[in-house]
Amino acid sequence: MDIQAALKNDNIELDEQFFKYVERYKEHLKKWNKIHNLTGAKNDELIDKFIYDAVYPVSFLPEVKTILDIGTGAGFPGMILAFALPQTEVILCEPLQKRASFLQFIKADLGLKNVTVANCRVEELEPRPIELVTSRAVTDTKMLMQLSKPFVHEGSRLLFYKGEKVFDEVDPALKHQIIQTKKRHYLIIEI
């Protein structure tokens, strides 16, 4: 997958700096992954799919000042969103030390001033208002909503990267929207 072509095909315009960050990130991820097993994305094709999947929401999200990514793992989606949204403060919450160390290394190597790496469980983070809470492949929607509570306020949004089970997980009474692509269902809940 050519990320640049795929994004352009979907009318998602990102600046050249995004693609420079992505290339550097991929180099480091492949090296670290051999030693630390950070993610199941082991080859360029799968890494590119994960990156595309992570950044696709910039095509439909409103501008936000703050993002909290719960369970960032190796950086999906939080670090990739930070590359695409340099004016947005992005907090990457990751409890596993090896992954948090990798995220901290990427932040330092790329000189990312908009990223904070929190090496802890989200329950240990100091509550504060966040405009967008994201999560991918962490837990079910109900639990993610519980974990997000200390950070949401009126006007906040939740963006959960889900599979087909999303339809079974989401309460129809919630103010929500599901954006579907071939491989992903993006669940947006407005608070």
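A single entry from Val138, Val133 fulfils the requirement of being in a loop (DSSP other than H, G, I, E, B), over 22 Å from Lys34 (Cα atoms) and under 14 Å from the mean Cα position of the chain (by Cα): Val138. The number of residues in segment 132-157 that are touching a Pro at 6+ places or on another chain (Cβ under 9 Å), of a type in the set (D, E, K, R) and touching a residue at least 24 places away in the same chain (Cβ under 8 Å) comes to 2. If you go through segment 42-58 and keep only what is touching a residue at least 40 places away in the same chain (Cβ under 8 Å) and within 17 Å of Lys162 (Cα to Cα), you end up with Lys49, Ile51, Tyr52, Asp53, Ala54, Val55, Tyr56, Pro57, Val58. Here is the figure for segment 165-191: residues that are within 17 Å of the chain's Cα centre (by Cα) and either surrounded by 15 or more Cβ atoms within 10 Å (Cβ to Cβ) or among the β-branched types (Val, Ile, Thr) (or both) total 9.
Just one of the numbered conditions (1) assigned to a helix (DSSP H, G or I); (2) over 29 Å from Thr181 (Cα atoms) is not true of Met145: (2). When residues in segment 13-64 are screened for being farther than 21 Å from Lys107 by Cα, of a type in the set (A, V, I, L, M) and at pLDDT 95 or above, 0 of them pass.
The values are calculated or read from the model by the stated rules, or taken from the named source; none is laboratory data. Just so it is clear, the model here is predicted, and its values are computed rather than measured. Methodologically, a virtual Cβ is constructed for each residue, glycine included, from the backbone with ideal geometry; neighbour enumeration extends over all protein chains shown.
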